[in-house]
Amino acid sequence: RTATPLPLEVRGVTVRFAGLTALDDVSFTVAPGSVHALIGPNGAGKSTCFNVLSGLYRPTAGAVRLGETDLTRLAPHKIAALGVARTFQNIVTTEGTVADNLMLGRHALSRAGYLASALHLPRAAREQREHLRRVHEIAELTGLAPHIDTPVAVLSYGDRKRVEFARALCLEPRVLLLDEPVAGMNAAERARTAEVVRDVRESLGLSVLLVEHDMGLVMRLADEVTVLDFGRAIAHGTPEEVRRDPEVLRAYLGT
Ligand code: ADP
Ligand code: MG
């Protein structure tokens, strides 16, 4: 069931808004099965990059490829269907149980399946059981199993962030884009989230692109780091390499 890992390539991506270059000829590759972190000061272009990758913004120039497939001009739902799933920095989920929310992630896999299941066709019933089975597996994997029938509205902030994460996993992605997955979490929740990211990377073989301000987490989780500053990729390397890079120190310390 695990999707074949494919490299996600960002090639010469430029995004201009009126009078402002948010991304300037940015290139990097998320290697199959790796955790790649995208870091940089506020306004560096990290969210803009996520919005390009998930099809919300069209770049002014450049391309995004998943393996051989050009994603650059595809609609967000097509990109998700090809295996690039994202979470948002801010929680949007307030309704239904954990299971309901994860089922939404499954139904995003196929609209036809959703309509068919609404009509109670036999094949749809079979698919529905398969979706439920997978939802329970993913709840197990993400530590949500004890809360599977709990309304998300009563969960802790950390657990709700975990629901967003699990819902993205329900799309069976090849690449998972995580936008500040531990923002607002306490130390224990952060550590658990880091463990879950490591687990799913290993058990599902997917790649992760991580935007995160918690440098401790980035240093522990990432195989590779790309540093953005004023829309430019100013450094690439292992966490150790970028930490010692004078350009990176300058960008962060403003010296
Ligand atoms: P980061 O996520 O690294 O903090 P962003 O990608 O959000 O940075 O923003 C990069 C730059 O692009 C900022 O100067 C921001 O104000 C600008 N920007 C982002 N989105 C838009 C938009 N939709 N319209 C105009 N400017 C934008
Ligand atoms: Mg941002």
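The values are calculated or read from the model by the stated rules, or taken from the named source; none is laboratory data. Note that the structure is predicted; figures quoted are calculated from it, not measured. Glycine gets a Cβ as well: all are built from the backbone with ideal geometry, and neighbour counts include every protein chain shown.
For every residue, the table says whether it meets (1) outside any loop (DSSP other than H, G, I, E, B); (2) at pLDDT below 95.
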residue: Arg1; (1), (2): no, yes
residue: Glu9; (1), (2): yes, no
residue: Arg16; (1), (2): yes, no
residue: Asp25; (1), (2): yes, no
residue: His36; (1), (2): yes, no
residue: Arg65; (1), (2): yes, no
residue: Arg73; (1), (2): no, yes
residue: Gln89; (1), (2): no, yes
residue: Met103; (1), (2): yes, yes
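Results for (1) within 15 Å of the chain's Cα centre (by Cα); (2) closer than 17 Å to Ile234 by Cα, shown as yes or no for each residue.
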| residue | (1), (2) |
| --- | --- |
| Gly12 | no, yes |
| Asp25 | no, yes |
| Ala37 | yes, yes |
| Ala44 | no, yes |
| Gly55 | yes, no |
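Give me the residue from the stretch 165-206 that is in contact (Cβ under 8 Å) with a residue 60 or more places away in the chain, surrounded by fewer than 23 Cβ atoms within 10 Å (Cβ to Cβ) and within 16 Å of ligand 2 (Cβ to nearest atom) and, out of that set, nearest to the chain's Cα centre (by Cα).
The residue in question is Asp179.
Looking at the stretch 15-49 only, could you name the residues that are within 15 Å of ligand 2 (Cβ to nearest atom) and either among the basic types (Lys, Arg) or in contact with an Asp or Glu (Cβ under 6 Å, 6 or more places away or on another chain) (or both)?
Listed by number, the residues that qualify are Gly40, Ala44, Lys46.
Quick check: is even one residue across the stretch 19-29 buried (at least 16 other Cβ atoms within 10 Å of the Cβ), hydroxyl-bearing (Ser, Thr, Tyr) and closer than 30 Å to Ala145 by Cα?
Within the stretch 19-29, none of the residues are buried (at least 16 other Cβ atoms within 10 Å of the Cβ), hydroxyl-bearing (Ser, Thr, Tyr) and closer than 30 Å to Ala145 by Cα.
In the list Asp70, Asp25, Asp100, which residue meets the criterion of being acidic (Asp, Glu) and at positive phi?
Within the list Asp70, Asp25, Asp100, the selection yields Asp25.
Would you call Pro246 away from ligand 2 (no atom under 16 Å from the Cβ) and out of contact with any strand residue (DSSP E or B) (no Cβ under 9 Å at 6 or more places or on another chain)?
yes
If Thr21 satisfies all but one of (1) of a type outside the set (Gly, Ala, Ser); (2) over 19 Å from Val225 (Cα atoms); (3) part of a loop (DSSP other than H, G, I, E, B), what's the number of the condition it fails?
Every listed condition holds for Thr21 apart from (3).
Could you tell me whether the stretch 81-93 includes any residue that is free of Cβ contacts under 8 Å to residues at least 24 places away in the same chain, more than 16 Å from ligand 2 (Cβ to nearest atom) and under 20 Å from Val211 (Cα atoms)?
no
Among the numbered criteria (1) more than 26 Å from Asp214 (Cβ to Cβ); (2) free of Cβ contacts under 8 Å to residues at least 60 places away in the same chain; (3) within 9 Å of ligand 1 (Cβ to nearest atom), which one does Thr21 miss?
(2) is the only condition that Thr21 fails.
Could you identify the single residue in Thr48, Thr29 that is polar (S, T, N, Q), more than 16 Å from ligand 1 (Cβ to nearest atom) and out of contact with any Cys (no Cβ under 7 Å at 6 or more places or on another chain)?
Result: Thr29 is the single residue among Thr48, Thr29 that is polar (S, T, N, Q), more than 16 Å from ligand 1 (Cβ to nearest atom) and out of contact with any Cys (no Cβ under 7 Å at 6 or more places or on another chain).
List every residue pair whose Cβ atoms lie under 8 Å apart, where the two residues are 6 or more positions apart in sequence or sit on different chains, the first residue falls within the stretch 224-235 and is basic (Lys, Arg), and the second residue, located anywhere, is more than 14 Å from ligand 2 (Cβ to nearest atom).
Arg232/Asp24; Arg232/Asp25; Arg232/Val26
Need the failing condition index for Gly40 against (1) free of Cβ contacts under 8 Å to residues at least 60 places away in the same chain; (2) in contact with a Phe, Trp or Tyr (Cβ under 9 Å, 6 or more places away or on another chain); (3) of a type in the set (Gly, Ala, Ser), just the number.
(1)
Take the residues of the stretch 50-78 that are more than 16 Å from ligand 2 (Cβ to nearest atom), under 30 Å from Val248 (Cβ atoms) and β-branched (Val, Ile, Thr): which is surrounded by the fewest Cβ atoms within 10 Å (Cβ to Cβ)?
This residue is Thr60.
Ala153: under 16 Å from the mean Cα position of the chain (by Cα), at pLDDT 90 or above and not aromatic (Phe, Trp, Tyr), yes or no?
The answer is no for Ala153.
List the strands (runs of 3 or more DSSP E) that sit entirely inside the stretch 151-255 and contain at least 1 residues that are under 21 Å from Val10 (Cα atoms), within 16 Å of ligand 1 (Cβ to nearest atom) and polar (S, T, N, Q).
224-229
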